[in-house]
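Undergrad: This is the structure, below, for whatever I ask next.
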Amino acid sequence: MPQTLLIFTRGPFANTMTAYLERFAERFGTGNSITKINDLQDLDAINEVQIIDKSNLIVLISDTAAYRIAEKLAQEARAAGAAFLTVYLEMLRLRIGPVVKASEGPCWNCSVRREFQHSSHPTALAALRHSQEFEIEALQTGFLDAHTRQAAALLLLFLQEHAELQTGLVVEIDLHDGKRIDNFVWGVHDCEVCGLQRPAFTRTVDTLEQVLASQYS
């Protein structure tokens, strides 16, 4: 598990979850340094943070998807040579990831492009993601504490299980029944953020065909 975490939170679920994460990390003696910045609401607030380059993992925990903020934090993490991870709720599914590393692909932009590529209703998805930039959905407060504790424990377990933080890893966990699904984001072949920084021999059509073929062999 990374030793120095910088956690940005957005929303009441995220704030409470992070408080439990700190408590659990201390209780179980993980030896990690956790710095948190609560209630991140806009991009300007990120520019005021002076400790991004002192962290090796930057995490955005949000009550809903916050893609503009995530994109900005991913850029800052990449510039600082740090890994980046998003954690947010989709209904009562906790989504952890993708894991994004500064020196590798796929990047955050790849994950967004893949989400829209695979969506059956990309226009509706775009409208939803836009609204989530400005509104945080109301949660059932009666279950808030139980779900935040569960989510904090799951995130801590995730970080311990994946000490090396596998690039592109995405884990979705249903907080209602505990069902877990692990997936990986595949980099976009022509991504301007990470794709063009890979050596040319890894970006040929032949290489792409080999990668795709291995998925169906």
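Undergrad: Pairs only if they're at least six apart or on different chains, beta carbon under 6 angstrom, first in segment 150-167 and of a type in the set (Gly, Ala, Ser), second modelled with pLDDT of 80 or more and surrounded by 15 or more Cβ atoms within 10 Å (Cβ to Cβ); list them, first residue then second.
TA: What qualifies is Ala151/Met17; Ala151/Leu94; Ala152/Met17; Ala152/Tyr20; Ala152/Leu21; Ala152/Phe24.
Undergrad: Which of the residues that make up segment 151-172 are in a helix (DSSP H, G or I) and either more than 17 Å from Ala14 (Cβ to Cβ) or among the small types (Gly, Ala, Ser) (or both)?
TA: Pass one, segment 151-172, residues in a helix (DSSP H, G or I): 151-161.
Within segment 151-172, Ala151, Ala152, Ala153, Leu157, Gln160, Glu161 meet the criteria.
Undergrad: For the subset of segment 70-114 comprising residues that are within 16 Å of Gly195 (Cβ to Cβ), at pLDDT 85 or above and not in a helix (DSSP H, G or I), which member is nearest to the chain's Cα centre (by Cα)?
TA: My answer is Pro98.
The values are calculated or read from the model by the stated rules, or taken from the named source; none is laboratory data. The structure presented is a predicted model; accordingly, all values stated were derived computationally and were not measured. Here the Cβ is made from the backbone with ideal geometry for all residues, glycine too, and neighbour counts use every protein chain on show.
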